[in-house]
1. Run the accessible area of segment 68-145 with a 1.4 Å probe and give the carbon-and-sulfur part as a rounded percent.
2. Where in segment 71-140 are there GluC sites (Glu not before Pro) that are in a DSSP coil and have at most 12 other Cβ atoms within 10 angstrom of their Cβ?
3. Just want to confirm a number: the relative contact order over segment 146-283, from Cα pairs under 8 angstrom separated by 6+ residues, in percent.
4. Quick check: at a probe of 1.4 Å, how many percent of the accessible area of segment 216-358 sits on carbon and sulfur atoms?
5. So what is the accessible area of segment 70-194 per residue, in Å², with the probe set to 1.4 Å?
6. Restricted to Cα positions, what overall size does segment 79-204 have along the principal axes? Three whole-Å values, descending.
7. Mind putting a number on the dipole of segment 198-345 about its Cα centre? Charges go on the C-beta only, +1 for Lys and Arg and -1 for Asp and Glu, and I need it in Debye to the nearest 20.
8. Taking only protein heavy atoms and a 1.4 Å probe, what accessible area per residue, in Å², does segment 221-306 have with all protein chains in place?
Amino acid sequence: MKLTRLTLSSIAKIFLILSLTLSLSAREQVNVNFSNLEINDFIKLISKITNKNILVNNKINGTVDLVSNSPIYDDELIGILVSVLESKGFTLMQKGSLYEVVRSTEAAKHNAKVVKPGKRLEGSLMVTQTIKIKGENVDIVAAKIRYLISKTAKLMTMKESNTLLITDYPKNIETIKKVIKDIDTNNQAVVKIVKIKYAEVKKLQSKLLDIAKSLFNEKIASQKVKVILDDNINGIILVGLEANVKIMEALIKDLDVESNISKGVEIFELKNSDAKAVLASLNEIISKQTYTDPALKPNISKSEEINAIIAIGEPSIIKGIKLIIDELDKEKYQVYVQAKIIEINKADTESLGVKYGFDGAVLSSSGGLYSFSSNFGGAPVSGIVGEGLVSSLTGADITKGFALGAAIDFLQTKGASKSISNPSILCVNNKESSIYVGKTISVSSGSTTGTVGTTVSYKREDIGLTLKIKPRVSSKDKVTLDVEVILENVLDDGRNNTSGQPITSKQEVRTQAILRHGENIIIGGLVKDYDNTSKTKVPLLGDIPWIGEWLFSSRTTTVEQDNLVVILTPYVIDKSEKLSQLQADLGVITKLQREYNIKVFEKIEKEGMSSKAKITTQEQQKADEHKNILLQDDEDF
């Protein structure tokens, strides 16, 4: 059997050689017909026919069959050889005048010929070429065409240049380029910028996006039209196929028309209110309304830059909104509050009462202070300024005000009281205002003992006077005050106690009062008790060492009592221009108070309180002059 096969093989070779010899003399064409021919023998025959040197470094097992009914050109034999080798996992690479049989998987490592981009490929040997992708992501394209490359080809993407790098047979690469040309359709996309004249750009963009979804199949990437908003030019940018972009551009022209609702646009600039607060009130009102047609619901917003409310809607509805805004934007009442915070010593006031012989010397309550001030008269005061200050102090009880002021100043000049603070504050109606005057001290919050010693931690505490007032005006001459007064003092800075910590006191008042314009209210009842030690001695004898201390001197400890009194006087201002007039009038009152005090104090020192401090005719004439001046100022105002 073996002999028979060898004989048949030899006969086939002889037949093939004869056929090739005959064809060489006939324009390099051959008739190829062989069966069961060893691949290595086939390589040798191809080398002889094509006159090419072929290097074979690996033994290739197998046979090949080829039946040809028509002549084959000799240069086509190389392609046949490559096909045979590819089936066995090998390929043919050209290296100058030499051809080498290499493994297909390693073809890229054997310097496959590099062909310039765009050039058409021919031949049978593997080559390397780059393919530029224009309108698609290179990774997406690579995923789509990967199945077209040969089993042993190499495909790589370069993202930075959006380029494919492929090593494969020329026919495969040409096929891939044709497919890429068909699927790389985004390179036909156009960009169109459309400026918007009338419509609101954001709302128009939303409409166009909905329309684009209905007109174009979003599952097909090439059909999509991107609708991009550009606030800088107040326009829409369209990106897509030219035909689709033209459709969207025509729609924009139809939709970008002047709205009929423009007649219902109003901008309300606020003069006295905050736009944010007014908008909140309007939204609360609108949210509770019901509309037969939802389109009738007005759209309101605020502009903080110009402090204005912008309203869009039907003219009849906007008219109602305007009425609300007019009421909300009325000029706010302001309240100017003068405060006096004083400490009155009970013992000293009692001594003054005994010395000068008047009632109300005991100041255990605010009533005592009123009783004390009533001893300073005041009936003539009404004649001096009562009518002269009507421009800014309408409703104020000037008579009692001057009497109270004189009483407080008298106590202070005699050392029976001291002024803690005299703050003044201007408040807006229904808005809390506050004043703080004080200092910050360090208080130990703990200590830590370590290897290097003891570390003491401190915290900072504010000590001082805090006055908080929130007014609510009910009319031009009546106001409700929510008052909070906190007074903190340092009794001992830590030097006189074993703890070394400062000792502080705190007095606090919270109350509510309804007052008339210019009326005083006295808040009292805060009592502070403390021990006062005094020493008395016989002159000269009391200074004798030891004996004088025991026989001619004595120490007395008495319990002293101080009353903290807060006096508030509000002035209601319904128009801002009246504030200047009020300041001027208060200046006049201060001057008259000093003059009044001088006269009253002189009479008290001379006559006591039995005569209630009468004012002379000459003083009355001087007061009338002040009255005429103030009345003239009132007419000018």
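1. Working: 2080 of 4270 Å².
Here carbon and sulfur together make up 49 percent of the probe-accessible area.
2. Glu122
3. Rounded, it is 20 percent for segment 146-283.
4. Numbers: 4410 of 8600 Å².
The nonpolar share, carbon plus sulfur, comes to 51 percent.
5. On the way: 7060 Å² over 125 residues.
About 56 Å² of surface per residue is accessible.
6. 75, 24, 23
7. On the way: 20 positive and 23 negative charges, 76 e Å.
Once rounded to the nearest 20, the dipole reads 360 debye.
8. Numbers: 5710 Å² over 86 residues.
Accessible surface, normalised per residue, equals 66 Å².
The values are calculated or read from the model by the stated rules, or taken from the named source; none is laboratory data. What you are looking at is a predicted structure, and each value in this text was computed from that prediction instead of being measured. Quick reminder, even Gly has a Cβ in these numbers, built from the backbone with ideal geometry, and neighbours come from all protein chains shown. Each accessible area value is taken on the protein alone, full model and side chains, heavy atoms only, with ligands, DNA and RNA left out. Shrake-Rupley method; radii C 1.70, N 1.55, O 1.52, S 1.80 Å.
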